[in-house]
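Novice: Submitted below is the structure of interest, expressed as structure tokens.
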Amino acid sequence: MNERVAPALSSTADRKPVTDLRQWLDVLAGSDRLAVAHPGVSLRFQLAAIAKTLDGRKATLFPRPDGHPVPVISGLTSDRGWMAEAMGVGNDCLLSTFQEAALNPLPWREVASAPVHEVVHRDVDLARLLPIPVHNELDSGPYITAGLLISRNPRTGAQNVTIHRLQLSGPNRLGVLLLPRHTLRFFQMAEEAGGDLPVAIVIGVDPLTLLASQAIAPLDFDELTIAGALHGRPLDVVKCLTNDIRVPAHAEIVLEGRILARVREMEGPFGEFPQYYSEPAEQHVIEIGAVAHRKNPIFHTILGGGIEHLLLGGIPREATIMAHLKRSFPGVRDVHLSRGGTCRYHLNVQLDKRHEGEGKNVIMGAFGAHYDIKHVVVVDADVDIHDQTQVEWAIATRFQADRDLVVVSEAQGSRLDPSSRNGVSAKMGFDTTVPLSSPPLKYKRIRVPGEEEVDLTKVIDEGADWRKAME
Ligand SMILES: Cc1cc2nc3c(=O)[nH]c(=O)nc-3n(C[C@H](O)[C@H](O)[C@H](O)COP(=O)(O)O)c2cc1C
Ligand SMILES: [Mn+2]
């Protein structure tokens, strides 16, 4: 992404990306992937319990949760294939399409009026205005989990887009966790200059805009321009009512406010993506001054550690890791952050090995690609890295611990990994690539000729009686 050698963006004429949340809900509904709950589901646990039960299979729409007029949606992208579908490409082009969009951003287009401004509230009581669910048993209370937080660099004016969990701390107050990325950097600039940082929180956008918010982009790179490139046309944005931030015009809901200088308050516990709780701690605070929304808005919630959460973070990371590894190792064919590794900690790499020892170099390169990566498995080109059974088979049959294992101690890891020592972590790599000098038959996987082409509808007599069949 840092590379400026951007190839011309191949036209999106051959793909039909989804550019709007409601359009995506129609796609899901039309293919039996949108469950509609009975009205009146409880916002406290019951909504999350149902969404979690359907996670990976269907998105869920909850009309009138706890009687609230605003419906809730969850599980917009419960599978990698759904995200590729939203882009209008096959699974095999998911990462390259994202990477191409990141290299060829499309500036947004400002419009004067927008659906998201149809209804405006200046007297803000978030719990009354929005159906904010409580997800996990020990969460401190209701959380907004699918809000794109947009802010501007106080020095340059460039925008930043990201997702932060937001604890409902008062009628117009949110606790926010700012990990050391771009929002925190902008806030520090504002605080040093003695002021608050204006923000907008956008809830209810299409899957590609959500995905763009997770790009690992340089500071001052507006992630909304990646959303435009993924859509194949500039994103329509509108200026906020109380600050200069530009937000997607077709979003469902926007909260406008400020991260308060020199204010910290308790936030948490909250169930996070590794399936553990974050400890309560003093965190930053946002005060909301206005809420705008469509006439009949939809509220989106993302389950912490649900597949939607894992994939949103995982896919842009995979795209970045792939580009990073390919620069040094042209034989790297594909990378995958597996779900069991929370789409963060476990990386599988498929390598067309050209040099003896290269598997170990790829492992070391991968550790440098992102500090979250903890365990790496490098496999040969005949192993499907999206199938953990095949990856395990490679470890079982092509790996010797005394020869092929790489262990690094005391490196930087993820703070959210409870087994790390406050973010200091060991790293481990498995090089399962076979020696280039192996005799041809030694590692050749068995295969039945024709197994890939069998069409069961043509060869199996469905419902036949086995005794009669022998007559
Ligand atoms: C559902 C979801 C929740 C997230 N919650 C937080 C959070 O509470 N705090 C945080 O710093 N990052 C959180 N992230 C990760 C950031 O959004 C992500 O790292 C983003 O790319 C950072 O953007 P930036 O590089 O522009 O700062 C979350 C991501 C997702 C998908
Ligand atoms: Mn950013």
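Throughout, read-outs are computed from the coordinates displayed, never taken from laboratory work. Because the structure is a prediction, the values reported are computed rather than measured. Please note: Cβ atoms are built from the backbone with ideal geometry, for glycine as well, and neighbour counts cover all protein chains shown.
Novice: With r as the distance between the Cβ atoms of residue 447 and residue 327 and R0 = 41 Å, compute the FRET efficiency 1/(1 + (r/R0)^6) and round to 0.05.
Specialist: Approximately 0.75, to the nearest 0.05.
Novice: Rg and Dmax in Å for region 255-403, alpha carbons only: what are they?
Specialist: Rg and Dmax of region 255-403, Cα atoms, are 20.5, 64 Å.
Novice: Sorted by packing (mean other beta-carbon atoms within 10 Å per residue), highest first, where do 63-73, 390-400 land?
Specialist: Most protected by this proxy first, the peptides run 63-73, 390-400.
Novice: Okay, next question. Among rounded, prolate and oblate, which fits region 308-350 when a ≥ b ≥ c are the square roots of the eigenvalues of its C-alpha gyration tensor, a/c under 1.5 means rounded, and a/b larger than b/c means prolate?
Specialist: Verdict is prolate for region 308-350.
Novice: If each of residue 469 and residue 421 carries a label point 7 Å out from its Cα toward its Cβ, how far apart are those two points in nm?
Specialist: 6.2 nm
Novice: If you don't mind, another one. Please give the calculated 222 nm ellipticity per residue for the chain, where each DSSP H segment of at least 4 residues contributes -39500 (n - 2.57) and the sum is spread over every residue; nearest 500 deg cm²/dmol?
Specialist: -7000 deg cm²/dmol
Novice: What is the Cα centroid distance between region 422-467 and region 222-236, reported in whole angstrom?
Specialist: Answer, in whole Å: 39.
Novice: Please report, in cubic angstrom per residue, the volume enclosed by the convex hull of the alpha-carbon atoms of region 409-454.
Specialist: Here the figure is 172 Å³ per residue.
Novice: Would you mind giving the three semi-axes, in whole Å and largest first, of the ellipsoid equivalent to region 368-471 according to its Cα gyration tensor?
Specialist: With the √(5λ) rule applied to region 368-471, the semi-axes are 43, 21, 11 Å.
Novice: Across bins of 5 angstrom width beginning at 0, how are the C-alpha pair distances of region 138-252 distributed, in whole percent?
Specialist: 2, 11, 21, 24, 21, 13, 5, 2, 0
Novice: Taking amide H positions as placed 1.01 Å from N in the peptide plane, with prolines and chain starts having none, which residues 5 or more places from residue 290, or on another chain, fall under 5 Å of its amide H?
Specialist: 256
Novice: Between 271, 313, 290, whose Cα lies farthest towards the positive end of the dipole of region 239-321 when Lys and Arg beta carbons carry +1 and Asp and Glu beta carbons carry -1, centred on the Cα centre?
Specialist: The residue sitting most towards the positive pole is 290.
Novice: With +1 assigned to the C-beta of every Lys and Arg and -1 to the C-beta of every Asp and Glu, and no other charges, what is the dipole magnitude of region 18-102 about the Cα centre in debye, to the nearest 20?
Specialist: For this selection, approximately 400 debye.
Novice: So, one more: Along the charge dipole of the chain, which of 73, 34, 96 sits closest to the positive end, that is, farthest toward it, with unit charges on the beta carbon of Lys, Arg, Asp and Glu (+1, +1, -1, -1)?
Specialist: Farthest towards the positive end: 96.
Novice: Same structure, new question: Work out the charge dipole of the chain with +1 on the Cβ of Lys and Arg and -1 on the Cβ of Asp and Glu about the Cα centre, then indicate which of 435, 449, 259 is farthest towards its positive end.
Specialist: Checking the options against the dipole of the chain, the answer is 259.
Novice: Rounded to the nearest whole Å³, what is the per residue volume of the convex hull around the Cα atoms of region 203-248?
Specialist: 83 Å³
Novice: Which lysines, if any, have their Cα less than 23 Å from the Cα of residue 360, not counting same-chain residues under 8 positions apart?
Specialist: 326, 374, 427, 442, 444
Novice: Return the loop-located chymotrypsin sites (Phe, Trp or Tyr not before Pro) in region 216-281 (DSSP other than H, G, I, E, B) with at most 10 other Cβ atoms within 10 Å of their own Cβ; answer none if there are none.
Specialist: Within region 216-281, no chymotrypsin sites (Phe, Trp or Tyr not before Pro) qualify (loop, at most 10 other Cβ atoms within 10 Å).
Novice: If I model a spin label at residue 455 and residue 438 as a point 7 Å from the Cα along the Cα→Cβ vector, what separation in nanometres do I get?
Specialist: Inter-label distance under the simple model: 3.5 nm.
Novice: Mind listing which GluC sites (Glu not before Pro) in region 87-188 are in a DSSP loop and have 16 or fewer other Cβ atoms within 10 Å? Before the final figure, lay out the partial values.
Specialist: On the way: sites: 100, 110, 118, 137; in loops: 118, 137.
Within region 87-188, the qualifying GluC sites (Glu not before Pro) (loop, at most 16 other Cβ atoms within 10 Å) are 118, 137.
Novice: Using only the Cα atoms, what convex hull volume per residue in Å³ does the chain have?
Specialist: Hull volume normalised by residue count: 186 Å³.
Novice: Return 317, 333 ranked ascending by Cβ neighbour count within 10 Å, so the fewest neighbours appear first.
Specialist: Values: 317 23, 333 16.
So the residues, fewest neighbours to most, are 333, 317.
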